[in-house]
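Trainee: Here's a structure for you.
The values are calculated or read from the model by the stated rules, or taken from the named source; none is laboratory data. In this text the structure is predicted, and so the values were computed from the model without any measurement. Because the Cβ atoms are built from the backbone with ideal geometry, glycine has one as well, and the counts that use them run over all protein chains shown.
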Amino acid sequence: GDSVTQMEGPVTLSEEAFLTINCTYTATGYPSLFWYVQYPGEGLQLLLKATKADDKGSNKGFEATYRKETTSFHLEKGSVQVSDSAVYFCALSDIGSYQKVTFGIGTKLQVIP
Amino acid sequence: NAGVTQTPKFRILKIGQSMTLQCAQDMNHNYMYWYRQDPGMGLKLIYYSVGAGITDKGEVPNGYNVSRSTTEDFPLRLELAAPSQTSVYFCASSTTGDSNQPQHFGDGTRLSIL
């Protein structure tokens, strides 16, 4: 079956540091890939997505590229801010009778001033 | 624009009690979902619905029931609360079942069973 692997963290960075959160996946078909962000006390919000190989999703300075050859969708940001502190979920969505989404366990990011 | 609204935000139940978690969306989405989020486990799908009157089981349906009488509402019912159901519950919706569509989440219901 489908699966998503990401580190749980926490990842602690100083403000303006470079961020990478790794995400790898296994899927039988050709899934769409997502990064969701969850701020404390809130639900998940879409951060970015990519729907086919070599697509790059980007939003709010975050980027991720759909790499089919390495089955990866790593999240990057060049300079993190304190306001980026949150939990980040990698997810894949495969074709089926409904929108079956498989989530990673979430990576907690803490950015310190 | 309210999006997906969940009530209550917090609840403490005793073992064996029952309750209904409410979920409403105002985006006219056909697809709705209930997830539970446990520490270190990501989100697991409990039930989903592809439209009014149609529901089906997800990965972890035991101990729960749902109904979908309208497009807007998708309540989740716990009949006999057990400590294993202590979790954070999220309702989500999407426009279609296409794999490239994002899901829109509510802010969650934090439920403790004591």
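Trainee: Among the candidates B:63, B:58, B:42, B:53, single out the residue that is touching a Leu at 6+ places or on another chain (Cβ under 6 Å) and either more than 21 Å from residue B:97 (Cα to Cα) or small (Gly, Ala, Ser) (or both).
Mentor: Being touching a Leu at 6+ places or on another chain (Cβ under 6 Å) and either more than 21 Å from residue B:97 (Cα to Cα) or small (Gly, Ala, Ser) (or both) holds for just one of B:63, B:58, B:42, B:53, which is B:58.
Trainee: When the residues of segment A:1-20 are narrowed to those that are within 17 Å of the chain's Cα centre (by Cα) and under 19 Å from residue A:93 (Cβ atoms), which ends up surrounded by the fewest Cβ atoms within 10 Å (Cβ to Cβ)?
Mentor: So, considering only residues that are within 17 Å of the chain's Cα centre (by Cα) and under 19 Å from residue A:93 (Cβ atoms), the one surrounded by the fewest Cβ atoms within 10 Å (Cβ to Cβ) is A:3.
Trainee: Please work out which residue is surrounded by the fewest Cβ atoms within 10 Å (Cβ to Cβ), limiting yourself to segment B:71-92 and to residues that are under 11 Å from residue B:32 (Cα atoms) and more than 10 Å from chain A (Cβ to nearest Cβ).
Mentor: Selected residue: B:73.
Trainee: Could you list, in sequence order, all residues of segment B:11-59 that are surrounded by fewer than 16 Cβ atoms within 10 Å (Cβ to Cβ), over 20 Å from residue B:110 (Cβ atoms), within 11 Å of another protein chain (Cβ to nearest Cβ) and among the hydrophobic types (A, V, I, L, M, F, W, C)?
Mentor: B:54
Trainee: What residue, among those in segment A:74-103 that are within 14 Å of chain B (Cβ to nearest Cβ) and not in a strand (DSSP E or B), is modelled with the lowest pLDDT?
Mentor: Residue satisfying both the conditions and the ranking: A:97.
Trainee: Now for a separate question. Mind listing whichever residues of segment A:23-61 are more than 17 Å from residue B:99 (Cα to Cα), of a type in the set (S, T, N, Q) and either touching a Phe, Trp or Tyr at 6+ places or on another chain (Cβ under 8 Å) or touching a residue at least 12 places away in the same chain (Cβ under 8 Å) (or both)?
Mentor: Result: A:24, A:38, A:59.
Trainee: Does residue A:69 satisfy being more than 14 Å from chain B (Cβ to nearest Cβ) and in a loop (DSSP other than H, G, I, E, B)?
Mentor: Considered against the rule, which asks whether it is more than 14 Å from chain B (Cβ to nearest Cβ) and in a loop (DSSP other than H, G, I, E, B), residue A:69 comes out as yes.
Trainee: Just to be sure I understand, how many residues within segment B:93-104 are in contact (Cβ under 8 Å) with a residue 24 or more places away in the chain and either more than 10 Å from chain A (Cβ to nearest Cβ) or among the polar types (S, T, N, Q) (or both)?
Mentor: 5
Trainee: Looking only at segment A:12-22, decide whether some residue is without any contact (Cβ under 8 Å) to a residue 60 or more places away in the chain and either assigned to a strand (DSSP E or B) or closer than 21 Å to residue B:29 by Cα (or both).
Mentor: yes
Trainee: For segment B:5-51, list the strands (runs of 3 or more DSSP E) that sit wholly inside it and hold at least 2 residues that are within 11 Å of the chain's Cα centre (by Cα) and within 24 Å of residue B:84 (Cα to Cα); which are they?
Mentor: Those strands (runs of 3 or more DSSP E) span B:19-25, B:31-38, B:42-51.
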